[in-house]
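The values are calculated or read from the model by the stated rules, or taken from the named source; none is laboratory data. Everything quoted here is computed from the prediction, not taken from an experiment. Please note: Cβ atoms are built from the backbone with ideal geometry, for glycine as well, and neighbour counts cover all protein chains shown. Note: accessible area is taken over every heavy atom of the protein model, side chains too, but ligands, DNA and RNA are not part of it. Shrake-Rupley method; radii C 1.70, N 1.55, O 1.52, S 1.80 Å.
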Amino acid sequence: MKKAINILVSLVMVAGLVSCNNGENKKGSKGQGGLATNAAEKVYVAPGEHDEYYAFFSGGYSGNLTVYGLPSGRMFKEIPVFSQFPTSGYGYSEETKPMFNTSFGFVPWDDSHHPDISQTGGKLDGRWIFINGNNTPRIARIDLETFETVEIIELPNSAGNHSSSFITENTEYVVAGTRFSVPVPQRDMPIKDYKGNFKGALSFISVDQETGRMGIKFQLMMPGFNYDLSHPGRDKSHGWFFFTTYNTEEANTLMEVNSSQNDKDFIAAVNWKVIEDYVNNGGGTKMPANYAHNVYDHDTHLATSTMEKEVLTVDPTKVPGAVFFLPTPKSPHGCDVDPTGEYIIGNGKLSADLTVHSFTKMLDAIENKKFDGEAYGIPILKFEDVLAGTVKQPGLGPLHTEFDGKGNAYTTFFISSEVVKWKLGTWEVLDRQPVFYSVGHGMIPGGNSREPFGKYFVAMNKITKDRYLPTGPELEHSAQLFDISGDKMELLLDFPTHGEPHYAAGIRADILKKNSKQFYKLADNKNPYATLSEADARVERKGNEVHIYMTTIRSHFTPDNIEGVKVGDKVFFHITNHEQDFDVPHGFAMIGANNAELLIMPGQTKTLVWEPKQVGVWPFYCTDFCSALHQEMQGYVRVSPANSNMELSWSLGED
Ligand code: K7E
Ligand code: CUA
């Protein structure tokens, strides 16, 4: 076995070298990664015109989400989610800091992998997009009217929240599975006692259909495998959820060898409707827990954090008919279900072939109790009984599969650096195109729904190398856009992405853009520190706290001269932007503030804390070029010694 691994490792290295060299040679030769003559036209979006699709790319280690247009590949926005974002002050302003509260304290970073857009009836509805925080297990919800993160819920009993965040077809649940199994509850125990003692929690988070509010409905306590990716059933398989596993060996060291011993790992098939009934009828065990639930309110412009103290756990062996294992070769990564819900594809990273399971056969095997033993009390189905077919030797290192809704599947191959199009049902390979280089996920807009918009495929590549002008040792990752409307995939465009996009979610632009919010109504602003008229602007002292209630409108702050602040004070700038117009934020920056600026949207209130350390007269200014007199949008705070008797005073336009 060690030998096999070594061969694989060598292959990886050779593949890297070969594809790199080929890139230089193949430029311009059609079908080899070069461009067909009309490719430029197909991606050209004329000045002032809009793209046809939105694409939301996860940021990986940036912790955020970036928004692009397709087919142009233009980046429109970075939405901060799990990471502090100085560009807008997200996670720096007092209003947004609670978004990062966790049971570990303030955690202003994460590793985000899998965005998924809400659905109704198996179709993308464009209400929300969800994404996972992998490192400190969390799920975030982003409102697609405002493109702002509005909720983050932490997951107890989870570690490496990777088989997440995928959405059932009416957004009943956003599902999050643990990659690393851990002791549950956490305790001090020898690592070598992992096997049989650690647990893998699969969390089913319900979503309120009106408000979008998340809540952990139950956690399924599975055996201590690694739950890598997951996918909901669709259409006929709606009500089921599928999770790939690796390390069914339950190894805890030298994983690259020890977790690759078994010829087959499993796809876990979970009938969540059965479990839902079970818990609705009082099943499950309440377990003490401690996890943060953070919610941002658009009316108060304020995030609040609540620590939840309990979670409902379910032992899968207590719910007959709820969980089954489908043997799947060989350390499968991607777990994908086609739009009809019939085919469940497990991409065995170390397997020569692609394994496709049949949902119908699975039900049949379950009904006839054709089991091949069990693992920790969970029935294992026979491989042959659930197999729909195999795609023979399609490439090396399969990772993920997407669907075009026309009966075709597109699988990415990391090692052989290619995308392979194949036919569901006949399993024949129809086309293959090289990618530059080493693709992770692919994405077809709507590909996770019953109705993919099968026009484009985006490859998210891990290695960029010679594709762009060099920028030192690190290059941005590169996406490649393919036209998949014809029989053959056609490469149209390379474009850089930000962070490490693992996965992306795409949607037709017209579904979202009509709902996009243009500004917040000042009259609806319920922030407790809001200043709704300039006449109410003021400065108040409470002990050593100074609260400045400030307003902004083109092109001044009210007040703009403030005196009576002292060294040792803690100064809160509560700033309300009085603009009521599309795309007119004002910024706010204070010299020496130990955080970032604020970018305050029209109608919004944001608060920045500044602790003056030095006596003097210190300026602040607007950071966003908002008008012809933007450069005049500035003011001063006079800071007196700590023991000074200086009274507070403030003014605008007076001498
Ligand atoms: Cu394959 Cu995190 Cu979905 Cu990366 S994962 S590629
Ligand atoms: Cu306000 Cu510049």
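Amide H of residue 228 versus every other amide H placed in the peptide plane: which residues, excluding those fewer than 5 positions away on the same chain, fall under 5 Å?
244, 245, 246
Working from Cα positions, state the angle (0 to 90°, nearest 10) between the long axis of helix 2-26 and the longest principal axis of the chain.
Approximately 70 degrees, to the nearest ten.
With only alpha-carbon atoms counted, please give the Rg and Dmax of the range 448-579, in Å.
Here Rg and the maximum Cα pair distance are 25.2, 73 Å.
Students often forget the sequence filter, so: which lysines lie under 27 Å Cα-Cα from residue 309 once same-chain residues fewer than 8 apart are removed?
97, 199, 217, 273, 286, 318
Equivalent ellipsoid semi-axes for the range 444-522, as square roots of 5 times the alpha carbon gyration tensor eigenvalues: give them largest first, rounded to whole Å.
Numbers: eigenvalues 148, 92, 21 Å².
Square roots of five times the eigenvalues give 27, 21, 10 Å.
Please give the per residue accessible area of the range 524-651, computed with a probe of 1.4 Å over protein heavy atoms only, in Å².
Heavy-atom accessible area per residue stands at 44 Å².
Counting only heavy atoms of the protein chains, get the accessible area per residue of the range 206-256 (1.4 Å probe) and round it to a whole Å² value. Each step should come with its number before you reach the end.
Working: 1510 Å² over 51 residues.
Accessible area per residue: 30 Å².
Would you mind telling me the antiparallel percentage of the DSSP bridges in the chain, rounded to 5?
On the way: 159 of 175 bridges.
Around 90 percent of the beta bridges assigned by DSSP in the chain are antiparallel ones.
So which chymotrypsin sites (Phe, Trp or Tyr not before Pro) in the range 602-655 end up in coil per DSSP with only 16 or fewer other C-beta atoms within 10 Å? If you can, show how the numbers build up before the last one.
Working: sites: 610, 620, 621, 625, 636, 650; in loops: 625.
Hits after loop and neighbour filter: 625.
Expressed as a whole percentage, what fraction of the accessible surface of the range 395-504 belongs to carbon and sulfur atoms when a 1.4 Å probe is rolled over the protein heavy atoms?
Carbon-and-sulfur percentage of accessible area, whole number: 58.
Any idea what % of Cα-Cα pairs in the chain are farther than 44 Å?
Working: 57869 of 214185 pairs.
I get 27 percent for the Cα pairs in the chain exceeding 44 Å.
Could you give each residue of the range 399-408 its phi-based ³J(HN,Hα) in whole Hz, using Karplus coefficients 6.51, -1.76, 1.60 with θ = phi - 60°, and x for Gly or Pro?
With coefficients 6.51, -1.76 and 1.60, one gets 10, 9, 10, 10, 9, 9, x, 10, x, 10 Hz.
Which of the lysines could be linked to residue 195 by a straight reach, that is with a Cα gap under 19 Å, when you skip same-chain ones fewer than 8 residues away?
264
Compute the length gained on full extension between residue 352 and residue 318: take 0.36 nm times their separation in residues and subtract their Cα-Cα distance, giving the result in nm to one decimal.
Net length gain for the segment: 8.6 nm.
Tell me, what is the Rg over Rh of the range 389-522, with Rh the Kirkwood radius over Cα pairs?
1.04
For the range 524-651, what proportion of DSSP beta bridges, expressed in % and rounded to the nearest 5, is antiparallel?
Taking every DSSP beta bridge with both residues in the range 524-651, the antiparallel ones total about 70 percent.
Considering amide H positions built from the backbone, and no H for Pro or chain starts, which residues 5 or more places from residue 418, or on another chain, come under 5 Å of its amide H?
Placed amide hydrogens put 413, 435, 439 under 5 Å from residue 418.
How high is the relative contact order of the chain? Use alpha-carbon pairs under 8 Å, at least six apart in sequence, and give a whole percent.
Averaging sequence separation for qualifying contacts and normalising by length gives 11 percent for the chain.
Quick one, can you get me the convex hull of the C-alpha atoms of the range 293-340 expressed as volume per residue in Å³?
Once divided by residue count, the hull of the range 293-340 is 246 Å³.
Among the listed pairs 392/423; 455/517; 421/465; 526/570; 330/421, give every one whose C-alpha distance is greater than 18 Å. Mind showing how you got there, number by number?
Numbers: 392/423 12 Å; 455/517 28 Å; 421/465 25 Å; 526/570 24 Å; 330/421 21 Å.
Table pairs above 18 Å Cα-Cα are 455/517; 421/465; 526/570; 330/421.
How large is ³J(HN,Hα), in whole Hz, for each residue of the range 593-606 in order, when computed from phi with the Karplus curve 6.51 cos²θ - 1.76 cosθ + 1.60 and θ = phi - 60°, using x for Gly and Pro?
Values per residue, Gly and Pro as x: 5, 8, 8, 10, 5, 10, 10, 9, 6, x, x, 9, 10, 9 Hz.
Give me the percent of the accessible area of the range 524-651 that comes from carbon and sulfur atoms, probe 1.4 Å, all protein chains in place. Spell out each step's value before the answer.
On the way: 2840 of 5700 Å².
About 50 percent, which is the carbon plus sulfur part of the accessible surface.
Roll a 1.4 Å probe over the protein chains and send me the accessible area per residue for the range 391-457 in Å².
Working: 1810 Å² over 67 residues.
That works out to 27 Å² for each residue.
Quick check: Cα centre of the range 378-418 to Cα centre of the range 496-516, how many Å?
26
List the chymotrypsin sites (Phe, Trp or Tyr not before Pro) in the range 93-189 that DSSP assigns to loop (not H, G, I, E or B) and whose Cβ has at most 13 other Cβ atoms within 10 Å. Which are they?
Within the range 93-189, the qualifying chymotrypsin sites (Phe, Trp or Tyr not before Pro) (loop, at most 13 other Cβ atoms within 10 Å) are 104.
Considering only C-alpha atoms, what is the centroid distance from the range 104-150 to the range 551-567, in Å?
37
Which FRET efficiency, nearest 0.05, do residue 193 and residue 524 yield, Cβ-Cβ r, R0 60 Å?
Calculated transfer efficiency: 0.60.
Give me the percent of the accessible area of the range 98-206 that comes from carbon and sulfur atoms, probe 1.4 Å, all protein chains in place. Write down the numbers at each step before the final one.
Values: 1680 of 3130 Å².
The nonpolar share, carbon plus sulfur, comes to 54 percent.
Size of the dipole of the range 524-651 about the Cα centre, Lys and Arg at +1 and Asp and Glu at -1 on the beta carbon, nothing else charged, in debye to 20?
In debye, rounded to 20, the range 524-651 gives about 460.
Within the range 138-242, report the trypsin sites (Lys or Arg not before Pro) that DSSP leaves as loop and that have at most 10 other Cβ atoms within 10 Å.
Listed in order of number, the matching sites are 187.
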